[in-house]
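Here is the structure we will look at, set down as structure tokens.
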Amino acid sequence: MSTITLDTVRKVYAGDVEAVKGVSIDIADGEFIVLVGPSGCGKSTLLRMIAGLEDITTGEISIGDRVVNKVDPADRDIAMVFQNYALYPHMSVYNNLAYGLKNRNMDKAEIDRRVKEAARILEIGDYLDRKPRALSGGQRQRVAMGRAIVREPAAFLFDEPLSNLDAKLRVQMRVEIKRLQKGLGTTSVYVTHDQLEAMTLADRLVVLNGGNIEQIGAPIDVYDKPASTFVASFIGSPAMNLLKVKGDENGLSLVSGKGLSGANAFGKSAYTLGIRPEHMSVVEAPKGDGNSGVDLEIKVNVLEPVGAESYIYGEFAESGEEIVVRVESHSTYEPGQTLFLRAEPKDVHFFDAETGARIES
Amino acid sequence: MKRLQIWDHVILLSGVFFMVAPVVLAFITSTHDAVTIYRSGLQFGFGDQGLQAYEDVLFRAGGFTKEVNGLVMLKNSLILGLGFAIGKIVISMLAAYAIVYFRFPMATFCFWIIFSTLLLPLEVRILPSYEIVQQLGMVNTYQGLIVPLIASATGTFFFRQFFMSVPDELTEAARIDGAGPWKFFIDILVPLSKTMMAAIFIIMFVYGWNQYLWPTLITTDESFFTLVRGIKQILQVWVGAQIPDYDQIMAMAILAMLPPVIVVVIFQSWFVKGLVESDK
Amino acid sequence: MKKVQFQSRLIPYLLLLPQLGIVGVFFLWPAAEAVRSSFYLEDPFGFGSTFVGFDNFIDTVTSTDYGRVARFTGVFTFFVTALSLGIALLLAVKADKVLRGASSYKTLLMWVYAVAPPVAGLIGILLFDQHVGPIVDLVAMFGWEMQVGVSYSDTAIAMVVAAVWKQVPVNFIFFLSGLQGISKSVQEAASIDCRSGFRRFWTVTFPLLAPTGFFLLIINITYAFFDTFGIIDVILKTEPGNNPVTLVYKVYLDGFRGNDLGGSSAQSVILMALVFILTIIQFRLIERRVHYT
């Protein structure tokens, strides 16, 4: 168990493609860090650099007190769980778990003890003699985890380990990974493009975009105070509504309608306003003052009931900007119907229209 | 629908007849004695000689050859088929492993050198190849018979294709598990290639066994003759003969085809897989 | 080549050493030798050789004999390729369709793959034999006196039949695996869109099989050129006389029997160029096939 430190790590591929552009993260001992972002954001490259499977162009990675830039993957004291499990198809489950330990010339009895212990924790004891192809997806996933556990490494690295599982199993394994990690207390770095997985697993989230860190923080902080429009639209489902706002000497005004007023305190001509779908309520009539919140008038396009709740997909008559609103289950709204919506001031986010950066009010 | 199926079967049965009848006819005729065959042509019913012709061909020297019998030729055919197949698999797996899994300066150059051999079949460069083997003193040796045939890169090409399809994650997992290049090759790659090795073994065994032109040139000493090479001897005797030993000619043909046919039929699924995937 | 690779100074060269050694000694050297001697005239008594530039090539190409052999090779290749592809395609389509006995048909239609070309030639020459051959008896009923080994065209027919017999299985295997590679859902979609089975074959199945077909075309041309050596040698009973031979056979004849080293080498070099072109085409097709899947 140990800390992991990334100090302005860069990765440039042949042909001047800069996949990671100077990333620094301090990961505490025992912490569960999730790297999240869309495909191509550099999250997998970053993980593979920590594992030693990719060279580091510049910068420094340390595991514990040791700089590992030049250290072979096998000697970094890490274990990795791959997306497609990467189990050795010709070896039994037992040998899959034991292979790495055998290569370190570990004592046979100790290998056996560790394998049995991991099998017990993961409840795969009955399958130790089987080949991977005789296992179900979830069982293979457990074996892949087991191969990481037996190493008793300083850190676990997970590369989208759940993306090959079906939805139900994914939830189940997610819970299990979290329980396991807390139980073992091993520092973990987990890569995913699934924001829900990221939210539920992470002690701290690292949101990546185009090789840069957009935001680091506890999941709920990232949700409450997204640092940029990118984070705002990436974390949370359905995504936060982003509306255009004009600013001039008379104050602020929505491009789509009139339900916003207030002084142009930051002196810019354009802003982006963010409201989450779950932070609006349907009201009889607009309050009108605009001072203490935002009033919107939209036209309903589609009502989508998902059971526990329903979503209205609507648009603004003036500009055609689209909006998603969460409403109560069993609501009945007709397409074409006009609705008045209200959001409270604490739920309204402002971003710089040009840079996308959050503006604290 | 039903009538259509009947026609399908008629066409397929004609195809089967076209493929099978000549060999069956040859086998049936080989149970008659040469004079009967000479007088009344190929036979459609079994004769009274049984497998006498096979016994003659296998155990008696001096039919078509002066010193060796069919058994020796059978042994030589096996040596050629097995030696060629095993040699080819070992050499081409090593080469393909280097080409696919290592980054080194001369990689592209080596790749093209090896794959240029796919451009020129042995038949085209037969004369200079013969002269070089002669200069190296390898005429009438098993090495001279086998090694030059291995020069073509078909096997390397095949294993390269296969190695490329092995997931990268497996290599990465092995590296994290502390396996170096040799360990990875022996512990992971070779066991993974088992089916492919079996498939290519069958194809190469058949290819080696069936060689004709090269053994004809390289082996002049009868003790190195293969069964297929022996056919050349048959022809030379045939041309001068009053009544050719038809029964023994046919027995020889059947014997020469039997082992590779058995291998192909028994290991049909592997062989088809190998053939279709390797020639892609 | 691959995203994940090992780095080592020595190991890759060690691994390549056996292959490169054999390629160098038994491929590059003889190939270079063939090219070199195609520009020299060898003294028949072994007293050295003289450089003659392109004379060997000019002599070869302008000789009437060479023209005749080249023409025959073309005709032979055409018939062998067309017949073996056609028969194999028909059989593969039917074998893909039948429900009963499919695997027996498959085995019975492909086992001849394992038969050596000279053995195929031997079986062929027995069937066409003047004294004992049933085919000769059969066509005699129609008034055709077949004389394989004496008549130029009759010998050619025997060669084509034996060569086709030997080649049908390979084509059959590839066509069948190509047919089985066509996804069931595409076939089901086609059977909803098109009622006529024959039309469905030409408009859906055949185009999807085209990559396999092109690939086999090259394979078959190469086969007819080179791999039929054994068949031809046996059917001629190693004495060509006035009978048809192919270009490859002529390289062998002139080199080993005629002792015309320069001429034989020149012919080799011409064939090399031809194979080179065929292989380039084949590689192009392979690339395409890979992209399809």
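The values are calculated or read from the model by the stated rules, or taken from the named source; none is laboratory data. If you're wondering where the values come from, they're calculated on a predicted model, not measured in any experiment. When we count neighbours, we look across all protein chains shown, and the Cβ atoms used for this are built from the backbone with ideal geometry, even at glycine.
Taken over the stretch B:153-184, the criterion of being β-branched (Val, Ile, Thr), within 15 Å of B:Ile91 (Cα to Cα) and either within 12 Å of chain A (Cβ to nearest Cβ) or buried (at least 24 other Cβ atoms within 10 Å of the Cβ) (or both) is satisfied by B:Thr156 alone. Taking every residue in the stretch A:156-185 that is at positive phi and pairing it with any residue that is modelled with pLDDT under 90 and surrounded by fewer than 15 Cβ atoms within 10 Å (Cβ to Cβ), at least 6 positions away or on another chain, the pairs with Cβ-Cβ distances below 7 Å are A:Gly185/A:Met1.
Selection over the stretch B:12-30 of residues that are of a type outside the set (Phe, Trp, Tyr) and touching a residue at least 12 places away in the same chain (Cβ under 8 Å) gives a count of 6.
The set of residues in the stretch A:39-69 being within 20 Å of A:Gly210 (Cα to Cα), of a type outside the set (S, T, N, Q) and assigned to a loop (DSSP other than H, G, I, E, B) consists of A:Gly40, A:Cys41, A:Gly42, A:Glu54, A:Asp55, A:Ile56. Where helices (runs of 4 or more DSSP H) sit wholly within the stretch C:1-100, those with at least 2 residues that are among the charged types (D, E, K, R) occupy C:29-37, C:55-62, C:64-97. Scanning the stretch A:80-139 for residues that are in a loop (DSSP other than H, G, I, E, B) and of a type in the set (Lys, Arg), we see that the one that is nearest to the other protein chains (Cβ to nearest Cβ) is A:Arg104. Return the pair list, or none, for Cβ contacts closer than 8 Å from residues in the stretch C:88-106 that are more than 8 Å from chain B (Cβ to nearest Cβ) and without any contact (Cβ under 8 Å) to a residue 12 or more places away in the chain to residues that are small (Gly, Ala, Ser) and surrounded by 14 or more Cβ atoms within 10 Å (Cβ to Cβ), at least 6 apart or on different chains. What qualifies is C:Ala102/C:Ala95. Among the candidates A:Gly259, A:Gly336, the residue that is of a type in the set (Gly, Ala, Ser) and either on the phi > 0 side of the Ramachandran plot or in the same structural domain as A:Gln215 (by TED's automatic domain parsing) (or both) is uniquely A:Gly336. In the stretch C:164-187, is there at least one residue being over 21 Å from C:Val119 (Cα atoms) and not in a helix (DSSP H, G or I)? The answer is yes, given that some residue of the stretch C:164-187 is over 21 Å from C:Val119 (Cα atoms) and not in a helix (DSSP H, G or I). State whether one or more residues within the stretch B:96-105 are at pLDDT below 90 and either assigned to a helix (DSSP H, G or I) or facing chain C (nearest Cβ under 7 Å) (or both). Yes; the residues of the stretch B:96-105 include at least one that is at pLDDT below 90 and either assigned to a helix (DSSP H, G or I) or facing chain C (nearest Cβ under 7 Å) (or both). Selection over the stretch C:6-52 of residues that are modelled with pLDDT of 80 or more, surrounded by 12 or more Cβ atoms within 10 Å (Cβ to Cβ) and polar (S, T, N, Q) gives a count of 4. Residues that are assigned to a loop (DSSP other than H, G, I, E, B) and buried (at least 20 other Cβ atoms within 10 Å of the Cβ) were ranked within the stretch B:45-64; the one that is modelled with the highest pLDDT is B:Phe64. Every listed requirement among (1) within 14 Å of chain C (Cβ to nearest Cβ); (2) surrounded by fewer than 19 Cβ atoms within 10 Å (Cβ to Cβ); (3) in contact (Cβ under 8 Å) with a residue 12 or more places away in the chain is met by B:Phe84 save one, (2). Exactly one residue out of C:Phe54, C:Phe79 is more than 11 Å from chain B (Cβ to nearest Cβ) and either among the charged types (D, E, K, R) or in contact (Cβ under 8 Å) with a residue 40 or more places away in the chain (or both), and it is C:Phe79. Put simply, of B:Ile114, B:Ile126, B:Ile150 the only residue that is away from chain A (no Cβ under 14 Å) and modelled with pLDDT of 90 or more is B:Ile150. In the stretch A:152-163, is there at least one residue being surrounded by fewer than 24 Cβ atoms within 10 Å (Cβ to Cβ), closer than 25 Å to A:Pro219 by Cβ and at pLDDT below 90? Looking for residues that are surrounded by fewer than 24 Cβ atoms within 10 Å (Cβ to Cβ), closer than 25 Å to A:Pro219 by Cβ and at pLDDT below 90, one finds at least one in the stretch A:152-163, hence yes.
Here is a yes/no grid of residues against (1) touching a residue at least 60 places away in the same chain (Cβ under 8 Å); (2) in contact with a Ser or Thr (Cβ under 7 Å, 6 or more places away or on another chain); (3) over 18 Å from A:Arg151 (Cβ atoms):
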| position | (1), (2), (3) |
| --- | --- |
| A:Thr8 | no, yes, yes |
| A:Val17 | no, no, yes |
| A:Ile27 | yes, yes, yes |
| A:Lys43 | yes, no, yes |
| A:Leu46 | yes, no, yes |
| A:Ile50 | yes, no, no |
| A:Leu53 | no, no, no |
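Name the residue that is surrounded by the fewest Cβ atoms within 10 Å (Cβ to Cβ), counting only residues in the stretch B:33-44 that are touching a residue at least 12 places away in the same chain (Cβ under 8 Å) and in contact with a Ser or Thr (Cβ under 9 Å, 6 or more places away or on another chain). Result: B:Phe44.
Assess whether A:Thr58 counts as being β-branched (Val, Ile, Thr), over 30 Å from A:Thr200 (Cα atoms) and assigned by TED's automatic domain parsing to the domain that holds A:Pro219. Spelling it out, A:Thr58 is indeed β-branched (Val, Ile, Thr), over 30 Å from A:Thr200 (Cα atoms) and assigned by TED's automatic domain parsing to the domain that holds A:Pro219.
Every residue, every condition in (1) more than 7 Å from chain C (Cβ to nearest Cβ); (2) out of contact with any Phe, Trp or Tyr (no Cβ under 6 Å at 6 or more places or on another chain); (3) small (Gly, Ala, Ser), yes or no:
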| residue | (1), (2), (3) |
| --- | --- |
| B:Leu13 | yes, yes, no |
| B:Phe17 | yes, yes, no |
| B:Ala21 | yes, yes, yes |
| B:Phe27 | yes, yes, no |
| B:Ala34 | yes, no, yes |
| B:Tyr38 | no, yes, no |
| B:Gly41 | no, yes, yes |
| B:Asp48 | yes, yes, no |
| B:Leu51 | yes, yes, no |
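Among the residues of the stretch B:223-232, those identified as crowded, with 19+ Cβ neighbours inside 10 Å and more than 8 Å from chain C (Cβ to nearest Cβ) are B:Phe224, B:Phe225, B:Thr226, B:Leu227, B:Arg229, B:Gly230. A:Pro38 meets each of the listed conditions (1) under 26 Å from C:Phe6 (Cα atoms); (2) of a type outside the set (A, V, I, L, M); (3) within 18 Å of the chain's Cα centre (by Cα) apart from (1). Can you pull out the residues in the stretch C:180-220 that are hydrophobic (A, V, I, L, M, F, W, C), more than 12 Å from chain B (Cβ to nearest Cβ) and touching a residue at least 24 places away in the same chain (Cβ under 8 Å)? If the condition is that a residue be hydrophobic (A, V, I, L, M, F, W, C), more than 12 Å from chain B (Cβ to nearest Cβ) and touching a residue at least 24 places away in the same chain (Cβ under 8 Å), then C:Ile182, C:Phe201, C:Leu208, C:Leu209, C:Phe214, C:Leu217 are the ones that fit. The lone criterion from (1) closer than 19 Å to B:Ile176 by Cβ; (2) assigned to a loop (DSSP other than H, G, I, E, B); (3) of a type in the set (Ser, Thr, Tyr) left unmet by A:Ser163 is number (1).
For the stretch B:237-278, residues that are out of contact with any Phe, Trp or Tyr (no Cβ under 8 Å at 6 or more places or on another chain), at pLDDT below 85, more than 30 Å from C:Leu179 (Cβ to Cβ) and at the interface with chain C (Cβ under 10 Å from one of its Cβ atoms) total 2. Determine whether A:Leu53 is touching a Leu at 6+ places or on another chain (Cβ under 8 Å), buried (at least 16 other Cβ atoms within 10 Å of the Cβ) and among the aliphatic types (A, V, I, L, M). It is false that A:Leu53 is touching a Leu at 6+ places or on another chain (Cβ under 8 Å), buried (at least 16 other Cβ atoms within 10 Å of the Cβ) and among the aliphatic types (A, V, I, L, M).
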